[in-house]
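Okay, structure first, notes after.
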Amino acid sequence: MICKKCGCLVPDDALTCDKCGTYQDGDSFRISGETGVKAIRQGRASAKTVTLPPRPGRMQTYGEEETYDPQQEYARRAYGGSYGSSYGRAMDSRPDTRRGVPVQTGSKPPLVRQHNSRRRGVRRSRTNWMLIGLLAVFVVMLAGVGYMVYMSQSDEGHRITARKLVLEATEEQFQLAVTRDPTLLEPQEELMREWTGIPSQTFWQIGEEYLDAGDLTTCITAFRLADVVDPDNYDGLLLMASSYELMGNQTEAEALYLRLLEISAFRAEAYTALIRIYQAQGRRPEAADMMKLAYENTDRESFRLQRKDYIPASPQVNLVAGRYEISAMEEDILITSPQGYDVYYTSDDNAVLPQDGILAQEGVIVPVEGTIKLRAVCVSGDLVSDPLSVSYTFFYPTPPAPKSNLAPNTYKSVQAVHLRPGKEEGLTKKEQAEMEANLTYYYTIDGSTPTEESPIYDGTAIQMPTGRVTLKAVCVNQYGKMSSTLEVGYKFDTKPYPLNMYGMNGTTVDVSADLFDGFELNKTSQEEFVSRFGSPKSVLDTTYLHLTEPARHLEYDWGYAVFALLNNKWQLVRVEMRSGFTGTPRGVGLGSSEAEVTGVFKDFGQVQAPNGTRGLYYDYPRVGQVLIAEDGTRYIQYTCQTLESKNWVLQYWLQNGHVKRIVHYYQP
């Protein structure tokens with residue numbers, strides 16, 4: 001049979017080809033009705049003859065059917081025999097020039113006919129090195145692409161790159177990553193592109209791997225790099241802070257835990273860590289404050305209970321918040337610490353406890369009148385309890401308003417009035433009597449509201465003047481509490497009728513009767529005044545009361561005059577005279593007695609108050625009073641308002657009961 005691979009003759013019972021070693025199927029080339037190359041090409045197993053190899057000097061073409069004796073061919077191959085030339089020619093039934101496909105034989109390579117009819121030997125190579133080279137290049141390129149995809153897309157590739165970046169990271173790079181210097185913007189962006197090319201979670205994972213391996217330094221570097229690209233990762237920063245604690249760097253750990261409170265105020269891990277650090281460092285007040293903050297933000301009961309057991313208990317008081325009458329209180333406020341610590345308290349809303357507080361000596365606080373908000377804390381070393389805050393209103397009883405024995409009405413003759421205490425509801429006769437015994441009565445009949453500087457009613461009848469009069473009275477108890485005001489109106493229609501108030505003519509505003517001869521406030525100019533009273537001794541630039549306009553002080557032998565530049569005109573605003581140089585209102589002036597001055601103006605006849613003053617009349621802005629200056633000088637003062645709404649003041653200053661100086665001025 002013929003070898004399927006190399007075409008050499010192989011014995012029928014051979015299993016492999018002696019030349020190429022190919023395994024032979026015994027049924028492949030069984031002798032059949034068709035023989036030669038055609039039978040082999042068509043896969044006929046019955047072929048009895050095979051295609052002969054080409055004769056020397058001629059190339060056999062594919063498809064030629066040249067039969068031969070297999071035994072002879074076998075012998076020729078086996079023992080080096082050859083066919084006769086005549087035999088070869090007889091078998092060659094095709095022209096020598098026919099082109100075809102050479103048949104592989106075991107002999108030396110056949111000659112290939114060229115166009116130029118030259119023949120040369122061709123040895124066929126079984127290896128295609130070009131194809132192998134192309135395949136090798138393709139495989140290398142494919143491997144490179146695969147590596148790039150692997151490094152950029154796979155988790156393990158990311159880890160490899162992340163480890164490289166972590167190991168190459170420097171302190172200068174970290175500073176560059178967070179700098180705000182505009183001149184370093186370009187290198188900063190380049191660095192961030194390199195670092196953000198890897199998922200941030202990979203850096204956290206790499207840091208955790210180094211942490212598990214015990215390499216804390218590299219672990220911190222990885223966490224810092226991860227923090228740059230992913231700054232708000234709570235869990236990652238929590239690991240980073242824990243790593244700092246393992247390294248003994250409590251400062252960085254505390255800073256990170258505080259930063260975590262800003263990232264998420266609702267998670268408890270950072271609070272717990274900070275409390276642990278503060279307690280370990282002996283910073284007990286800060287630990288207590290952190291427990292309070294943790295409870296407020298996380299609403300975890302464990303933090304509240306932890307703080308409750310950690311700090312002193314709050315102070316306690318014996319009085320609950322409320323309103324208390326001081327005179328009826330059986331005991332003072334008692335404030336104590338349940339654990340026996342010092343107690344500091346304050347009623348000042350702006351005070352800071354305990355440093356601004358008052359140490360409660362024996363725990364007793366004497367109440368004072370008014371509404372107070374009492375705050376107190378217990379102090380144990382550097383620990384301060386939660387503050388106690390309680391509001392009280394303490395008061396003394398207010399007496400009822402006094403009563404008058406004369407009913408309001410119109411009377412044809414003057415009357416005298418007595419005052420009596422009012423009735424306090426709910427008091428027994430004994431309590432009422434005790435209250436009345438401690439009352440002091442103050443009253444006015446000049447129209448003003450009574451105060452503790454008004455005349456005192458000592459039981460003597462109050463003489464009423466003629467005309468319309470309003471009696472006003474109050475009473476004050478031993479606690480200084482003043483009653484409401486009794487106000488009763490009377491009309492005593494009898495002579496002599498009351499005189500006019502300063503600047504008034506009956507019920508009409510009229511200052512013409514109360515002018516000085518030769519000048520009028522707010523009208524007389526400087527030129528007119530100088531023309532009337534002569535040139536001054538000196539002129540001094542000055543100011544006048546609270547006016548911003550300039551003023552001038554003109555000094556004379558008799559006194560001085562002041563002019564202010566109002567409405568672009570120098571107007572007279574003040575005159576003070578120490579000697580008579582002109583006529584005065586109602587004919588009273590220098591040398592007049594107090595009674596002579598008060599006798600020409602309205603006077604209700606009110607008695608002198610304990611401080612030496614006396615009210616003449618009070619119908620604001622029209623007021624008449626006898627006053628005492630700070631130096632003790634007594635003077636009479638009248639005020640009025642003109643039709644132009646200018647407020648004038650007229651003062652008669654007394655010395656030894658007589659007028660020594662008159663002042664008349666405009667009150668802006």
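Values as computed for the structure displayed
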{"item": "Sorted largest first, extent of the stretch 365-443 alpha carbons per principal axis (Å)", "result": "80, 28, 18"}
{"item": "Electrostatic dipole magnitude of the stretch 406-555 [Cβ: Lys, Arg +1; Asp, Glu -1; Cα centre; debye, to 20]", "result": "620 debye"}
{"item": "Inter-part distance where the stretch 596-611 and the stretch 424-483 are each reduced to a Cα centre, Å", "result": "21 Å"}
{"item": "By average C-beta atoms within 10 angstrom, highest first, the peptides 654-660, 311-317, 207-213", "result": "311-317, 207-213, 654-660"}
{"item": "Shape parameters for the stretch 245-292, alpha-carbon atoms, Rg then Dmax in Å", "result": "10.3, 29"}
{"item": "Lysines whose Cα lies under 21 Å from that of Lys5, excluding same-chain neighbours fewer than 8 positions away", "result": "Lys19, Lys38, Lys48, Lys108"}
{"item": "Cross-link pairs beyond the 19 Å C-alpha cut-off, checked among Lys523/Lys569; Lys569/Lys646; Lys523/Lys646; Lys423/Lys481; Lys537/Lys646; Lys523/Lys660", "result": "Lys537/Lys646; Lys523/Lys660"}
{"item": "Cα-Cα P(r), the stretch 216-282, percent of pairs per 10 Å interval", "result": "22, 56, 20, 1"}
{"item": "In Å, descending, principal axis extents of the Cα set of the stretch 542-658", "result": "46, 32, 28"}
{"item": "Value in Å of the Kirkwood radius, where the stretch 598-668 supplies the Cα pairs that are averaged", "result": "12.9 Å"}
{"item": "Ordering of 550-562, 491-503 by packing [mean C-beta count within 10 Å, highest first]", "result": "550-562, 491-503"}
{"item": "Diffusion constant of the stretch 440-512 at 4 °C, which comes from Stokes-Einstein with the Kirkwood Cα-pair radius and 1.567 mPa s, µm²/s", "result": "92 µm²/s"}
{"item": "The stretch 480-573: radius of gyration over Cα atoms, expressed as a fraction of 2.2 N^0.38 Å", "result": "1.68"}
{"item": "Residue-wise HN-Hα coupling along the stretch 188-203, computed from phi with Karplus coefficients 6.51, -1.76, 1.60 (Hz; x: Gly, Pro)", "result": "5, 5, 5, 5, 5, 4, 5, 6, 7, x, 10, x, 4, 5, 5, 5"}
{"item": "Radius of gyration, Dmax [the stretch 471-530; alpha carbons; angstrom]", "result": "21.3, 61"}
{"item": "Net charge contributed by nearby residues that have their C-beta within less than 15 Å of Lys569 (K/R +1, D/E -1)", "result": "-2"}
{"item": "Dimensions (Å) - the stretch 305-437, Cα atoms, principal axes, largest first", "result": "84, 31, 25"}
{"item": "P(r) of the stretch 254-365 over all Cα-Cα pairs, binned every 5 Å from zero, in whole percent", "result": "2, 10, 15, 16, 14, 13, 11, 8, 5, 3, 2, 0"}
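All of the numbers you see were taken from the coordinates with simple rules; none came from a lab. Bear in mind the structure is a predicted one, so any value in this text is a computation, not a measurement. Backbone-built Cβ (ideal geometry, glycine too); neighbour counts: all protein chains shown.
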